[in-house]
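Peer 1: To start, I am sharing the structure in question, which I have written as C-alpha cells.
The values are calculated or read from the model by the stated rules, or taken from the named source; none is laboratory data. These numbers come from a predicted model, not from an experiment. For neighbour counting, all protein chains shown are included, and Cβ atoms are generated from backbone atoms with ideal geometry for every residue, glycine included. Ligands, DNA and RNA are stripped out before the accessible areas are found, and what is left, the full protein with its side chains, is counted by its heavy atoms. Shrake-Rupley method; radii C 1.70, N 1.55, O 1.52, S 1.80 Å.
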Amino acid sequence: SAPPHATLAEQVEEYLADVQRVRAKGPYLLSGFSGGGAMILEMARRLRAQGHVVGPLLFFDAWNPAAPPRDFAGKLRGHGELFRELGPRYAQMFAERWLRYRAQEALRAAAPTLAERLWEPPVAMGEVADAWDTWIVDYQPQPYDGDAVLFRVRADRSRGELDYSEDEQNGWGGVIQGGIEIIDVPGTHTSIVEEPHVRALAQSVRNVLDRALRRFGLDERGAHRPALTAVDDVQA
C-alpha cells in the first residue's frame with residue numbers, strides 16, 4: 001500500500017476524496033478510533049465548509065493530540081488516590097509494572113531484534129506511527145461548531161490502572177463547541193474493538209446512530225441515508 005502522506009491535511013484530503021467518491025452529498029456520520037479522532041474532526045470541518053450536513057462525530061476512545069497528558073503533579077495525585085483505595089496491594093501492582101517495564105527496556109538494549117519482534121508494530125504500522133508523530137508536532141485544532149459522542153474507556157482502578165489524563169472529555173472540551181456526550185464502554189483502548197467488548201460498543205453505537213437518523217428525519221431504508229465513515233487508529 002502507499003505510504004502515508006507528509007501532512008495531516010493531505011491525508012484528510014485523501015480520506016475525503018474516498019468518502020465522496022462513494023457518496024457525493026451528505027448528511028455524513030464520521031467515526032474515528034484513537035488518533036482517527038483528529039482526522040474526522042478535520043474531515044467534518046471541510047465537509048461543513050462545502051455546505052454538507054455532518055452529524056455528531058463519534059470518537060472511539062479518541063484523544064485530542066494537542067491536549068497534554070497528566071503532568072507530574074497529576075500523576076502523583078492519581079497514584080496517591082489509588083494507594084488510598086487499594087492500600088498496600090497497589091504498591092505491589094506498581095512495583096510489578098515497573099519491573100516489567102525495566103525488563104522490556106533491558107531486552108531492547110541487549111537484543112533489539114528480538115524485542116522488535118515481540119513488541120514493535122509491523123512495518124506498515126510503524127510508517128503510520130512515524131507519520132502521525134510528524135503530523136501532530138504543531139497540530140492545534142480550531143473550535144468546531146458541532147457536537148460529538150465520546151465512547152470512553154476508563155482505567156480499571158481495581159487493577160491499579162491510572163487514566164492517561166484527568167480530563168473527562170479526552171481533551172475535546174475546548175474544541176467541540178456543540179457539546180460532548182460521554183458513553184463509558186468496557187475494555188481497554190485496544191480491546192474495545194475486540195470480542196467480547198465490541199458487542200457492547202456496537203450496541204452503544206447503534207443507539208447513537210438511531211438517534212442521529214431520527215434527527216435527520218431518515219430511517220435505515222431511506223434513499224438519502226447518511227454515509228457512516230470510520231477512520232481507524234492512525235497511531236501504532
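Peer 1: Quick one: which of L118, L86, L76 is open to solvent by less than 70 Å² (accessible area, probe 1.4 Å) and at pLDDT below 80? Step through it out loud before you land on a result.
Peer 2: Numbers: L118 fails: open to solvent by less than 70 Å² (accessible area, probe 1.4 Å); L76 fails: open to solvent by less than 70 Å² (accessible area, probe 1.4 Å).
Only one candidate passes the filter, namely L86.
Peer 1: In addition: Does R100 satisfy being charged (D, E, K, R), within 30 Å of V198 (Cβ to Cβ) and outside any loop (DSSP other than H, G, I, E, B)? Can you show your working first?
Peer 2: Working: charged (D, E, K, R): yes; within 30 Å of V198 (Cβ to Cβ): yes; outside any loop (DSSP other than H, G, I, E, B): yes.
Yes; evaluated as a whole, the condition is true for this residue.
Peer 1: Might you check whether a residue that is within 26 Å of S204 (Cβ to Cβ), hydrophobic (A, V, I, L, M, F, W, C) and outside any strand (DSSP E or B) occurs anywhere in region 16-37?
Peer 2: Taking every residue of region 16-37 in turn, at least one turns out to be within 26 Å of S204 (Cβ to Cβ), hydrophobic (A, V, I, L, M, F, W, C) and outside any strand (DSSP E or B).
Peer 1: Any idea which residue in region 20-62 is farthest from R154 (Cα to Cα), counting only those that are within 20 Å of the chain's Cα centre (by Cα) and among the β-branched types (V, I, T)?
Peer 2: Filtering first and then ranking leaves V54.
Peer 1: What is the residue count in region 199-227 for residues that are outside any loop (DSSP other than H, G, I, E, B), open to solvent by 30 Å² or more (accessible area, probe 1.4 Å) and either on the phi > 0 side of the Ramachandran plot or modelled with pLDDT under 60 (or both)?
Peer 2: Initially, region 199-227 is screened for residues outside any loop (DSSP other than H, G, I, E, B), giving 199-216, 227.
Subsequent filtering for residues that are open to solvent by 30 Å² or more (accessible area, probe 1.4 Å) retains 199-200, 202-203, 206-207, 210-211, 214-216.
Now restrict to residues that are either on the phi > 0 side of the Ramachandran plot or modelled with pLDDT under 60 (or both): none.
Going through region 199-227 one residue at a time, the tally reaches 0.
Peer 1: For the structure I just gave you, tell me whether A124 is in a helix (DSSP H, G or I), modelled with pLDDT under 75, under 15 Å from the mean Cα position of the chain (by Cα) and on the phi < 0 side of the Ramachandran plot. Reasoning before the result, please.
Peer 2: Numbers: in a helix (DSSP H, G or I): yes; modelled with pLDDT under 75: yes; under 15 Å from the mean Cα position of the chain (by Cα): no; on the phi < 0 side of the Ramachandran plot: yes.
So A124 does not fit the description; no.
Peer 1: Additional query: Go through (1) touching a Leu at 6+ places or on another chain (Cβ under 8 Å); (2) closer than 22 Å to E14 by Cβ; (3) surrounded by fewer than 14 Cβ atoms within 10 Å (Cβ to Cβ) one by one and return the number of the condition M39 breaks.
Peer 2: (3)
Peer 1: One residue is enough: does region 80-91 have a residue meeting the conditions part of a loop (DSSP other than H, G, I, E, B) and among the hydroxyl-bearing types (S, T, Y)? Before the answer, list the steps.
Peer 2: Taking region 80-91 as the starting set, the residues that turn out to be part of a loop (DSSP other than H, G, I, E, B) are 87.
If we keep only those that are among the hydroxyl-bearing types (S, T, Y) too, we end up with none.
Among the residues of region 80-91, not one is part of a loop (DSSP other than H, G, I, E, B) and among the hydroxyl-bearing types (S, T, Y), which makes the answer no.
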